[in-house]
Amino acid sequence: MEIINGSTYQAAGKVAYRIEAHFQKHLSAAQENEEDDLATVPSAWQVEKIIDVAFWASLRKEEGNAIRISLAFLPPVQAVNPLLFEKRLPLTPQLLTKLAPGVERPGIHVGIWFDGDQLYVWGTTTKLPNLCFVLDVSEPGLLVVKHRRAAGLGKFTNVAVLRGDQVKVVNENSGQLPDSPPILKSLLGLTSSCLWNNGVNVLIQIAVSMRAHKRGGILLVTPTNSNKWRESIIHPLQYPVSPAFTGVADLLRYDGKTVTEIFWQNALRREVENITGLTAVDGATIINDQQELLAFGAKIARAKGAMPIEQVLLTEPVEGGEPTLIHPSAIGGTRHLSAAQFVHDQRDSHALVASQDGYFTVFSWSEQAQLVQAHRIDILLI
């Protein structure tokens with residue numbers, strides 16, 4: 001017997017107008033820049049309805065498995081080579097639950113459009129227009145609103161995360177603060193490169209993969225042609241790499257002439273997974289800013305003559321989030337403390353730290369504030 005829940009997901013109504021305003025702002029800017037292939041902005045009621053249906057679907061299971069599904073708001077005519085259903089299907093939690101097993105692979109989106117005041121599902125697509133509204137059901141009760149970047153390259157830009165009754169809306173202006181690291185600016189869509197093989201875009205792929213393996217880990221990014229980082233590592237190194245492994249670096253030098261782009265992208269994904277797997281080994285994985293692997297399983301120590309770090313400036317790129325001075329161990333324990341100490345001593349380096357519980361922090365040095373900044377970016381990586 002089907003139980004019909006007449007209540008609605010209240011968080012959907014609270015965030016719908018803010019999401020509509022976000023998409024309208026970016027669409028207007030894209031139109032002023034004369035960008036093409038732009039998506040239609042969903043109205044607040046459409047956003048609310050899509051979120052509401054997706055939330056109730058996320059709490060269901062199909063054959064004992066949790067629902068994972070991606071919904072995109074666009075008409076079939078804007079999709080490239082779409083898979084079209086013979087008939088329109090009403091957008092309901094029951095429908096999404098049944099469809100989910102067949103469309104849960106990354107890159108497949110269920111197409112949603114409207115007729116009057118009714119939303120319907122028309123099929124699936126793997127190609128989306130620029131700035132297309134997307135809602136991902138990541139796990140039970142966890143929804144992520146995002147959009148496809150202009151030019152369609154790199155990770156989708158997150159707009160809001162809804163987890164149960166908690167709603168976090170991304171604050172794009174947080175990336176404009178002094179000394180914001182490039183990875184934060186790119187994730188916020190402020191400096192996204194049109195090149196898929198841009199070094200920062202690759203670092204984002206590594207961060208997403210680190211978070212996904214759920215074992216926790218530290219990735220240290222050091223300047224090329226400098227061995228100063230060794231002053232902050234216990235010797236002998238557990239797993240030094242010599243010569244430096246250049247699997248990712250070689251692919252970043254791809255000139256587009258020797259192999260197809262699809263072949264190259266798949267090769268890069270494999271190399272990213274190769275590096276990311278090593279971050280699950282106890283200790284830190286070390287690469288330079290050309291993505292060359294130098295060592296893994298390294299133990300971080302305070303550099304000779306350096307003072308122990310006492311506080312960092314913790315920030316999270318969400319509306320209402322205020323920078324807070326905090327002891328680094330309070331963020332997540334020993335792993336975060338050692339990463340913060342490394343950046344405190346090696347100020348031209350960055351540290352990326354994944355927690356087993358899904359939190360992700362980037363440590364960087366702020367010349368203006370003269371302290372280490374800790375940027376919580378997991379909301380941007382989901």
GluC sites (Glu not before Pro) within the range 282-341, DSSP loop, no more than 16 other Cβ atoms inside 10 Å:
Glu310, Glu319
Tell me, what is the Rg over Rh of the range 174-321, with Rh the Kirkwood radius over Cα pairs?
0.98
Please get the size of the charge dipole for the chain, origin at its Cα centre, with Cβ charges of +1 on Lys and Arg and -1 on Asp and Glu, quoted in debye to the nearest 20.
740 debye
Of Lys214/Lys304; Lys49/Lys185; Lys49/Lys168; Lys155/Lys228, those spanning more than 25 Å from alpha-carbon to alpha-carbon
Lys214/Lys304; Lys49/Lys185; Lys155/Lys228
Among the DSSP beta bridges whose two residues both lie in the chain, what percent are antiparallel, rounded to the nearest 5?
85 percent
Considering only protein heavy atoms and a probe of 1.4 Å, how much of the accessible area of the chain is carbon and sulfur, as a whole percent?
51 percent
Filtering GluC sites (Glu not before Pro) in the range 17-118 by DSSP loop and by at most 12 other Cβ atoms within 10 Å leaves Glu34, Glu63
Solvent-accessible area per residue, Å², over the range 176-380 with all protein chains present [probe radius 1.4 Å]
47 Å²
For the chain, what is the convex hull (Cα atoms) projected area averaged across all directions, in square nanometres?
21.0 nm²
Grab every C-alpha pair in the range 16-81, bin the distances at 10 angstrom width from 0 up to the longest one, and report whole percents.
17, 36, 32, 12, 2
Solvent-accessible area of Leu38 with every protein chain in place, 1.4 Å probe, in Å² to the nearest 10:
30 Å²
Identify, among Val208, Phe363, Ser232, the residue whose Cα sits farthest towards the positive end of the charge dipole of the chain, taking +1 on the Cβ of Lys and Arg and -1 on the Cβ of Asp and Glu, with the dipole about the Cα centre.
Ser232
Whole number in Å², please: accessible area per residue of the range 51-100, 1.4 Å probe, ligands, DNA and RNA not counted.
54 Å²
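The values are calculated or read from the model by the stated rules, or taken from the named source; none is laboratory data. All of these numbers come straight from a predicted model, not from anything done at the bench. Cβ sites come from the backbone with ideal geometry, for glycine too, and all protein chains shown count toward neighbours. Side chains included, ligands, DNA and RNA excluded: accessible areas come from the protein's heavy atoms. Shrake-Rupley method; radii C 1.70, N 1.55, O 1.52, S 1.80 Å.
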